[in-house]
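Comments concern the structure below.
The values are calculated or read from the model by the stated rules, or taken from the named source; none is laboratory data. Every value quoted in this text rests on a predicted model; they were computed, and no experiment measured them. Glycine also receives a Cβ, built like all others from the backbone with ideal geometry; neighbour counts cover every protein chain displayed. Please note that ligands, DNA and RNA were not included when accessible areas were found on the heavy atoms of the full protein model with its side chains. Shrake-Rupley method; radii C 1.70, N 1.55, O 1.52, S 1.80 Å.
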Amino acid sequence: MHSPTIKHRGAFVATLLTGTFSMSISQSSLSTAYPAFMKAFGLGADTVAWLTTGFMLVMTLMIPVSPWLLHNVPFQRLFQAIELIFAIGTGLCIWAPSFIVLMIGRLLEAIAVGIIFPSFQTVLLTITPHSERGRVMGTAGLVMGSALAVGPIISGVLLTWFPWQALFLFFLVVSLLVLAVSTVTIASVMPLQPTQLDWVSFLLSASFPILLYALGALSKKGLTVGVVGLLILGILAASIFVARQLNRQPPMLQMRVFATGMFTKAVFMTGISYVGLIVTTILMPLYFQTLLGLSPLISGLSLVPAAVLLSILNPISGRLLDRIGPRVVAMIGMLLITGGFGLLAVFAHHLPLIGAIMLAMATEAGNAFVMMPSVTAGANALPNELVADGTAVTTTARQLFGSAGVMFATVLLDGMQTTLRSHAGGFAVTFAVFAGVGLIGLLLALTLPKEVAKKAV
């Protein structure tokens, strides 16, 4: 593959990752400010939570349209439009005289994030030779992992000393700086293939946020008529969406990427590793509070070492991918995920805090050796013109896997604790089940190729 020529590659990548980093922080940091929003607008926690729920739904809606945008809008203009939309949304959040205005601002931010998340990975893969993709995507994983760890810390510090508007002011300053710098550093590196946007497919792609919401509601409300109806609607619309993509030329999102076996395996590997990561971040604070008696603040801080280790290991795993290929790297990751959950299951009844922290570090470290290496290996197996579609498909699938994992984990934990009449027993069974999920991932890793793909077809 011949990478596009960029005059200042380092500045290009730095600008791209900084913009993505700041948007990723905005995704992960807002929950800390819920009490401040509740007080400012006189609302309950369920209403304020829509700042995150609505954000995730709109973000997921925008992911499938990102390949069309990359192929139809020069990337410099697209990137600047993304930053501008994010800045406008953030400005509305700062001004917000009412919760409705705050919500509109958050949804504008979500539009920008939903486009940039798959796009930045596609662009990095496009401009990087196959032999260096692991290293570059490892750095991207470092940025994304750091954002997950840093987001709550930044929001906690700002909210300690300033009103909640300061959090959005921080995002606004960063986005405006990135927007200004991008006029010099960002180049239009993606080849354009102009087509008309298929609005029917775009509307049908709403099936994915519908499924996300239904899976989340299922874990909280159970099998109510409304939740079942949403699930049926989402599945039906998603089926029509897939059928339309397979029979339309050109499709909005190319689903034939699944005809490539290596890519399909990579999607499942990425999904399983993301399930391991998100289930760890959901279950471990509950474990810390329920069984170890820690406060919510301390339980949250107890996950910081795992997030830091995840960030450190991402670039290391990327370099390993370039050197020894996907099979061994993915096996290391799945062994860590399986072993971490397995030990949590065995010792759930009498695990000290340091032991719980270390095992959480193991499961999150496993994600570093699976997620970005799998994304890279899957992209390497695709023809160059399908990389954008493949990245969007992987990102959407990852969100669905994660939501399904959280739903299943919370329902299973609650059910087992009720059945066994034991908090520790419920955690033990739940951890054991996800060790089994990790084992499936390990068996899948054994089928990956030993060596890095030399070139796309």
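Of all residues in segment 286-314, those satisfying the criterion of being closer than 25 Å to R133 by Cβ and buried (at least 22 other Cβ atoms within 10 Å of the Cβ) are A307, L310, L313, N314. The condition (being modelled with pLDDT of 90 or more and open to solvent by 30 Å² or more (accessible area, probe 1.4 Å)) is satisfied by just one residue among V411, V457, V437: V437. Would you confirm whether any residue within segment 352-371 is at pLDDT 90 or above, open to solvent by less than 20 Å² (accessible area, probe 1.4 Å), hydroxyl-bearing (S, T, Y) and assigned to a helix (DSSP H, G or I)? Looking for residues that are at pLDDT 90 or above, open to solvent by less than 20 Å² (accessible area, probe 1.4 Å), hydroxyl-bearing (S, T, Y) and assigned to a helix (DSSP H, G or I), one finds at least one in segment 352-371, hence yes. May I ask you to verify whether I272 is within 19 Å of T376 (Cβ to Cβ) and either in contact with a His (Cβ under 7 Å, 6 or more places away or on another chain) or buried (at least 19 other Cβ atoms within 10 Å of the Cβ) (or both)? So I272 passes the test.
Restricting segment 427-441 to residues that are small (G, A, S) and farther than 15 Å from F347 by Cβ leaves a set whose member that is farthest from the chain's Cα centre (by Cα) is G436. How many residues, within segment 210-228, are part of a helix (DSSP H, G or I), modelled with pLDDT under 85 and open to solvent by 50 Å² or more (accessible area, probe 1.4 Å)? Final tally of qualifying residues: 2.
Among all residues of segment 253-269, there is none that is polar (S, T, N, Q), open to solvent by 20 Å² or more (accessible area, probe 1.4 Å), under 19 Å from G366 (Cα atoms) and assigned to a helix (DSSP H, G or I). Note on segment 12-43: residues that are modelled with pLDDT of 85 or more and either open to solvent by 40 Å² or more (accessible area, probe 1.4 Å) or among the charged types (D, E, K, R) (or both) amount to 9.
Checking the condition in a helix (DSSP H, G or I), out of contact with any Lys or Arg (no Cβ under 8 Å at 6 or more places or on another chain), open to solvent by less than 40 Å² (accessible area, probe 1.4 Å) and at pLDDT 90 or above, which residue from L277, L231, L283 passes? Only one candidate passes the filter, namely L231. Every condition in (1) under 24 Å from the mean Cα position of the chain (by Cα); (2) open to solvent by 50 Å² or more (accessible area, probe 1.4 Å); (3) modelled with pLDDT of 90 or more holds for Q196 except the one numbered (1). Tell me, yes or no, whether segment 156-178 has at least one residue that is open to solvent by less than 40 Å² (accessible area, probe 1.4 Å), farther than 29 Å from L301 by Cα, assigned to a helix (DSSP H, G or I) and at pLDDT 85 or above. Checked segment 156-178: at least one residue is open to solvent by less than 40 Å² (accessible area, probe 1.4 Å), farther than 29 Å from L301 by Cα, assigned to a helix (DSSP H, G or I) and at pLDDT 85 or above.
Here is the figure for segment 306-350: residues that are among the hydroxyl-bearing types (S, T, Y) and either at pLDDT 85 or above or outside any helix (DSSP H, G or I) (or both) total 2. Residues in segment 97-137 that are open to solvent by 10 Å² or more (accessible area, probe 1.4 Å) and not in a helix (DSSP H, G or I): P97, S98, P129.
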